[in-house]
1. In segment 191-209, what residues are within 11 Å of the ligand (Cβ to nearest atom) and more than 17 Å from the chain's Cα centre (by Cα)?
2. Which of the residues belonging to segment 221-251 are within 16 Å of the ligand (Cβ to nearest atom), in contact (Cβ under 8 Å) with a residue 40 or more places away in the chain and aliphatic (A, V, I, L, M)?
3. Could you tell me whether any residue of segment 104-126 is of a type in the set (Ser, Thr, Tyr) and crowded, with 16+ Cβ neighbours inside 10 Å?
4. Quick check on my filter: what residues within segment 149-163 are within 14 Å of the ligand (Cβ to nearest atom), assigned to a loop (DSSP other than H, G, I, E, B) and modelled with pLDDT under 95?
5. Which ones in segment 210-220 are within 16 Å of the ligand (Cβ to nearest atom) and not in a loop (DSSP other than H, G, I, E, B)?
6. Could you grab the pairs with beta carbons closer than 8 Å, sequence gap of 6+ or different chains, first residue in segment 146-171 and more than 23 Å from Arg277 (Cβ to Cβ), second one within 9 Å of the ligand (Cβ to nearest atom) and at pLDDT 80 or above?
7. So which residues in segment 127-161 are among the small types (Gly, Ala, Ser) and loosely packed, with under 13 Cβ neighbours inside 10 Å?
Amino acid sequence: MEKIEKIKQAYFRLAEEVNNSEQLEQLRIEFLGRKGRVTEAFAMIKDVAPDIRPKFGAGLNQLKKELEQHFKKLKEEVEGQAADQKAPDVTMPGRPVFAGNRHPLLKIADEIKNIFHSFGFTIEDGPEIETDYYNFEALNIPKSHPARAMQDTLYISGDVVLRTHTSPVQIRVMEERKPPIRMIAPGRVYRRDTPDATHSPFFHQVEGLVVGESVTFADLKGVIQAFAHRMFGKDARVRFRPSFFPFTEPSAEYDVWFNGRWMEISGAGMVHPNVFRSVGIDPEKYSGYAFGMGIDRVAMLKYDIRDIRLFFENDVRFLRQF
Ligand code: PHE
């Protein structure tokens, strides 16, 4: 009788845990199957002392009936649940439609394009995989020039590089077109930089180039000032600092003040005569200015972002804010 009680307890303990059809089948095999524990117990009847045999037999019959009845109910429950799961629950609230948004850098690039477009600039494009000639040589940066170390890059092969700046687009446009030229060229650039809060091995620039018969540094300052006011509002200030680039002379860098801080935005300067010579434009007749604005910098200043890496990590918690 103890044996019967044990089987019963074991069955109910296991039945308690059943919640899918596989577990249900397991339970059936273990207790009610052809080699199950109940069937096994029946086989023991012949070994039981004759005087208690009838009682044992009756107990077993009772057990079998009880387990079968319980099993039947359990089976209905489990199958019912499975059916419920398949049927759609029309009372559930709908799934919200996830509306994405443009990447903050694309938004800023669009704003920059719109502003310069309204100033009469054309929008140009150039390859991200460049030749040494366009990226360096034609911009008055010969092979041994120390400025190369500052902009060391990822080489595809000896003469093919990932462009380190958008300035090669200046050359490509001047080769194709005669002045007057008034263009910008936004795009991605690459440098061999270790990522930190202000450096990334790739980032974004907008090149600007204006060439004409009497273009001056004052024009450059005026356009940048006008740009800063359109982008950041009329409280924004611009300051120019002397700098050096092999392809401009004189050269400068400018910072924009907005939201309580100065941010270095761009290099700039008057197009170097050697650059004009490399594209067959007469430097005695024409002058021009150029700038290479950091799109990521503009976005960091405008949105008060302190770490450039946030733009490239694709964390939706960050991206959703724009
Ligand atoms: N190409 C320069 C840079 O990436 C920026 C620049 C562009 C400077 C045009 C002067 C004129 O640092």
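1. Arg191, Gln205, Val206, Glu207, Gly208, Leu209
2. Answer for segment 221-251, where residues must be within 16 Å of the ligand (Cβ to nearest atom), in contact (Cβ under 8 Å) with a residue 40 or more places away in the chain and aliphatic (A, V, I, L, M): Val223, Ile224.
3. For segment 104-126, residues of a type in the set (Ser, Thr, Tyr) and crowded, with 16+ Cβ neighbours inside 10 Å: absent.
4. Within segment 149-163, Gln151, Asp152, Thr153 qualify.
5. Val210, Val211, Phe217, Asp219, Leu220
6. Going by the 8 Å Cβ cut-off, the qualifying pairs are Asp152/Thr164; Asp152/Arg191; Thr153/Thr164; Thr153/Arg191; Leu162/Val189.
7. Ser144, Ala149, Ser157, Gly158, listed by residue number.
Let's see how each residue does on (1) among the acidic types (Asp, Glu); (2) surrounded by 11 or more Cβ atoms within 10 Å (Cβ to Cβ); (3) in the same structural domain as Lys6 (by TED's automatic domain parsing):
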| site | (1), (2), (3) |
| --- | --- |
| Arg34 | no, no, yes |
| Phe42 | no, yes, yes |
| Lys46 | no, no, yes |
| Asp51 | yes, no, yes |
| Gly57 | no, yes, yes |
| Gln62 | no, yes, yes |
| Lys65 | no, no, yes |
| Phe71 | no, yes, yes |
| Glu79 | yes, yes, yes |
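The values are calculated or read from the model by the stated rules, or taken from the named source; none is laboratory data. No experiment lies behind these values; they were computed from the predicted model shown. Note that we place each Cβ from the backbone using ideal geometry, even for glycine, and neighbour counts take in every protein chain shown.
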